[in-house]
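Before any comments, here is the structure.
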Amino acid sequence: MTTILAVDTSTEACSVALQIGGECIAKYSEEPRSHSRLLMPMVQQVLAEAQIKVNQLDVIGVSIGPGSFTGLRIGFAAVQGMAYGADIPVVPLSTLKLMVATYSRQQVEIVANHKSGEIITLLDARMSEFNMGRYKIIENSQIKALQSDQLVSAEQVVALISSAKAEAIIGDAGNLLALSPELTDSYTHIYPNALDILPMAKQQFDEGLAVSIETVDLVYLRGTEAWKKRKRLREEVK
């Protein structure tokens, strides 16, 4: 019986999920800029409900980006502490891939009717840029990446969507719809949910693909220098 903890703090949503065998316990909240306050109490709640301790976990699944610089660091620091302290392997997952898994679970009937189509995942990266993933759901509900996640301009997103004829556009598209209202009909706003990390983490753990936390890096796509520059500018304005 595999015991898995999952953590996602990559967007404005903060979520934690725990699986013990066939039982799942999950917590989810959409409170922007509250991850540092919410995350560890959520972890403690799911562990307490399951009546287990951190050292009884077999593996921890965590989204590693792209996404919010601050949010990702909060989640990753928590996972680092647990993984180091109890010598637990981890399964790192793309935030954009995770959003496809969340969409697939929440829109199961739509996905069942369009399994051959491409799903474009977007996260607003500010400065008229987007973190973008291109995915496809294949047999047994597996999620296949059609290319590596990348940082693109709004113009590139619109051009690619037009050429790819994607069946679904999901995620947090920011002001893209205001610029291109024709995309509204195929767009679904969605945040990732740690609940959907569980099956992917279990599969990779069962296949022996979990890794040491020491080998994992966060994926920002845009360099941290841009984030530091924006932070300095905000501080100067105050």
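The values are calculated or read from the model by the stated rules, or taken from the named source; none is laboratory data. If you're wondering where the values come from, they're calculated on a predicted model, not measured in any experiment. We place every Cβ from the backbone using ideal geometry, glycine too, and count neighbours over all the protein chains shown. Each accessible area value is taken on the protein alone, full model and side chains, heavy atoms only, with ligands, DNA and RNA left out. Shrake-Rupley method; radii C 1.70, N 1.55, O 1.52, S 1.80 Å.
Computed values, structure above
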read-out: Average accessible area per residue (Å²) across the chain - probe 1.4 Å, nucleic acids and ligands excluded; value: 49 Å²
read-out: Relative contact order (%) - criterion: Cα under 8 Å, at least six apart; region: the chain; value: 23 percent
read-out: Candidates 196, 217, 172: whichever shows maximal mean-square fluctuation once the chain is modelled as a Gaussian network with Cα springs under 10 Å; value: 217
read-out: Rg ratio (alpha-carbon, reference 2.2 N^0.38 Å) - region 74-160; value: 1.31
read-out: Distant-in-sequence amide H partners of residue 62 (H built 1.01 Å from N, under 5 Å); value: 7, 91, 93
read-out: For the chain, diffusion coefficient by Stokes-Einstein and Kirkwood Rh (Cα), 25 °C, 0.890 mPa s, µm²/s; value: 134 µm²/s
read-out: Qualifying chymotrypsin sites (Phe, Trp or Tyr not before Pro) in region 39-106, DSSP loop, other Cβ atoms within 10 Å at most 11; value: none
read-out: Region 124-177: equivalent-ellipsoid semi-axes (sqrt of 5 x gyration tensor eigenvalues, Cα, Å); value: 21, 12, 10
read-out: Phi-based couplings in Hz for region 177-186 (Karplus 6.51, -1.76, 1.60; Gly and Pro marked x); value: 5, 5, 6, 9, x, 5, 7, 4, 5, 9
read-out: Kirkwood-type radius of region 145-221, with distances r between different C-alpha atoms, in Å; value: 15.4 Å
read-out: Fluctuation leader among 90, 100, 219 - the chain, Gaussian network, Cα springs under 10 angstrom; value: 219
